[in-house]
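What follows draws every value from the coordinates through simple rules; no lab data is involved. If you're wondering where the values come from, they're calculated on a predicted model, not measured in any experiment.
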Amino acid sequence: METLKKINLFWDTDLNSLDPKANRQFIISRILNLGDVEDFRWAMDFYGSEAIKKQVKESQNLDEKSLFFWRQYFNLSEEECSPKQLTAQHSAFWQR
């Protein structure tokens, strides 16, 4: 797949089944956490800054350091990027 040349970012994924449009959230999150400048430029060109900014706001997969960096980059407040509580009930495993 020409758009996803960096297989090291997706070591745990079958690149043949990875669709850049259908798997947008996964790909953007992986790039924001582990990518380099080249990866980020590709994402900006392919998805656009608003899609990436939205992912920063909504993602629950960004590590703390990456989230802080991208909040600064996109000039977002902490409140805009705070993880949302899931409304679904937890499974019985999590209940006491």
| task | May I ask you to evaluate 6.51 cos²θ - 1.76 cosθ + 1.60, the Karplus curve with θ = phi - 60°, for each residue of region 75-80 and list the ³J(HN,Hα) values in order in whole Hz, giving x for glycine and proline? | result | 6, 10, 7, 4, 5, 5
| remark: In order over region 8-22: 3J(HN,Hα) from phi, Karplus 6.51/-1.76/1.60, θ = phi - 60°, whole Hz, x for each Gly or Pro, gives 5, 6, 10, 4, 9, 10, 6, 4, 5, 9, 8, 9, x, 8, 5
| field | region 59-64 - phi-based ³J(HN,Hα) in whole Hz, Karplus 6.51/-1.76/1.60, Gly and Pro as x | value | 5, 10, 9, 7, 6, 4
| How would you classify region 20-76 from its alpha-carbon gyration tensor, with a ≥ b ≥ c the square roots of the eigenvalues: rounded for a/c under 1.5, else prolate if a/b is greater than b/c, otherwise oblate? | rounded
